[in-house]
Amino acid sequence: MPDVPRVIKPDPREFEYAVDLGVYLPEDAIWRDAWALSEALVLQFRDVVALTDSRFGVLIIPDRRAVHAAEWDSTTSIFPVVRGTNPLSPGDRLDSFLAQNQIPALNLTYALSGWALAHPDERLYYPGDGHFNANGHAVAAQRIRFWLEENGFLPG
């Protein structure tokens, strides 16, 4: 794999490996369809869970670019097509959709971003990778536990 993803075709959705930055671009027919399908699946999943007398909630785990400013800066320097766009927009859009549909949700973006700002020399994700490292898992686990307790998802 390359050190950084690089566009190999004129379409900004096609890279050497799957890093789809099109989600940050102005919405086109492809993304409109993708969002509509994703939203329909979330609602369908909510309805199936309701049939089991279980509770349904959604956890939004942000891409590292929405948490570490240096990651976004690096991305925009490599892919000028996303300059001027907002790395928070995919999570915020999902958060808004969930709120409109009264679906309990925890968007980890703000807890992770706050930790990253308070610890500028440390990371929450492996470099060049979208997976949490030990710090990321610890921060996420603490926030998730609090949210589950706060929203009555855990037994008393």
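The values are calculated or read from the model by the stated rules, or taken from the named source; none is laboratory data. None of the values given here were measured: they were computed from a predicted structure. So basically every Cβ, Gly included, is an ideal-geometry build from the backbone, and we count neighbours across all protein chains shown. To get the accessible areas, we keep the full protein, side chains included, count just its heavy atoms, and leave off ligands, DNA and RNA. Shrake-Rupley method; radii C 1.70, N 1.55, O 1.52, S 1.80 Å.
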Q: Using the Kyte-Doolittle scale, find the helices of the chain whose mean hydropathy is at least -1.0 and whose Cα atoms extend 15 Å or more along the helix's long axis, counting only whole DSSP H runs.
A: 29-50, 89-100, 134-150
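What accessible area per residue, rounded to a whole number of Å², is obtained for the chain using a probe radius of 1.4 Å?
So the chain comes to 61 Å² accessible per residue, rounded to a whole number.
Tell me which trypsin sites (Lys or Arg not before Pro) from segment 78-156 have a DSSP coil assignment and no more than 13 other beta carbons within 10 Å of their own.
Of the trypsin sites (Lys or Arg not before Pro), the ones in loops of segment 78-156 whose Cβ has at most 13 other Cβ atoms within 10 Å are ARG83.
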Q. Averaged over all directions, how much area does the convex hull of the C-alpha atoms of segment 40-89 cover when projected, in nm²?
A. 4.7 nm²
Q) What shape does the chain have by the C-alpha gyration tensor, where a ≥ b ≥ c are the square roots of the eigenvalues, rounded means a/c under 1.5, and otherwise prolate means a/b greater than b/c and oblate the rest? A) oblate
**Q.** the chain, dipole about Cα centre (Lys/Arg Cβ +1, Asp/Glu Cβ -1), debye to the nearest 20
**A.** 140 debye
Q. Using modelled backbone amide H atoms (1.01 Å from N, in-plane), which distant-in-sequence or interchain residues come within less than 5 Å of ASN107's amide H?
A. ILE60
Q) Say we join alpha carbon atoms closer than 10 Å with springs in a Gaussian network model of the chain; which of THR109, THR75, THR52 then has the biggest fluctuation? A) THR52
Q | Long-range HN-HN contacts of TYR125 with modeled amide H, under 5 Å | A | ASN133
Q. By accessible area of protein heavy atoms, probe 1.4 Å, what ranking do SER113, SER38 get, highest first?
A. SER38, SER113
Q) If each of ALA99 and VAL81 carries a label point 7 Å out from its Cα toward its Cβ, how far apart are those two points in nm? A) 3.0 nm
**Q.** Given charges at Cβ of Lys, Arg, Asp, Glu: the chain dipole, positive-most of GLY84, VAL42, ALA111
**A.** ALA111
